[in-house]
Amino acid sequence: MKIIILKDTKKVGRKYEIKDVADGYALNALIPNKIAIPATAGNLKMIEAKKALDMASSKNLQDNLSKAIEKLPGGSLKIQGKVNEKGHLFAGIHKEQIVEDFKKLTGFELPIDSLEIEKPIKEIGEHKIKISVGDKFVNLVLEIVGTK
């Protein structure tokens, strides 16, 4: 069965790709969970329109991101956290906190899934974080400052 993928999904495909999968998998897992829709002529036209709209909004997001990073003092984002005597944070810095602090300083809200962090940051110092918006990548310097 031919399907159009609506969400990036591991082992299935990326958003807006047209794939051929087993009928049972499509009908029992992908379509009911709104991960995919059947690849009919009407759905193909609808997806092409959505794809064009997403490309335009992604371009706008890229431009706004560049402007927002220029607003950061020194080009880096400073976050404070409580540390122990060894310099380790008691609580890790998560994506949500980075997005919140970035918005406070720049007025721009990053999409949380655009931040590429494998695990929470638990040490003070400078950390480079990759932000991906569309096909553009920007490096952000995150400076963790410890407080007692």
*asked:* Looking at Lys11, Lys86, Lys7, can you tell me which residue is surrounded by 12 or more Cβ atoms within 10 Å (Cβ to Cβ) and part of a loop (DSSP other than H, G, I, E, B)?
replied: Lys7
*Out of all the residues in the stretch 1-54, which are more than 26 Å from Asp113 (Cα to Cα) and touching a helix residue (DSSP H, G or I) at 6+ places or on another chain (Cβ under 6 Å)?*
Met1
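Could you tell me whether Thr106 is surrounded by fewer than 12 Cβ atoms within 10 Å (Cβ to Cβ) and among the hydroxyl-bearing types (Ser, Thr, Tyr)?
It is false that Thr106 is surrounded by fewer than 12 Cβ atoms within 10 Å (Cβ to Cβ) and among the hydroxyl-bearing types (Ser, Thr, Tyr).
Each reported figure results from applying straightforward, stated rules to the coordinates on display, with no laboratory input. Predicted, not measured: the structure shown is a model, and the values here were computed from it. Cβ atoms come from the backbone with ideal geometry, glycine included; neighbour counts cover every protein chain shown.
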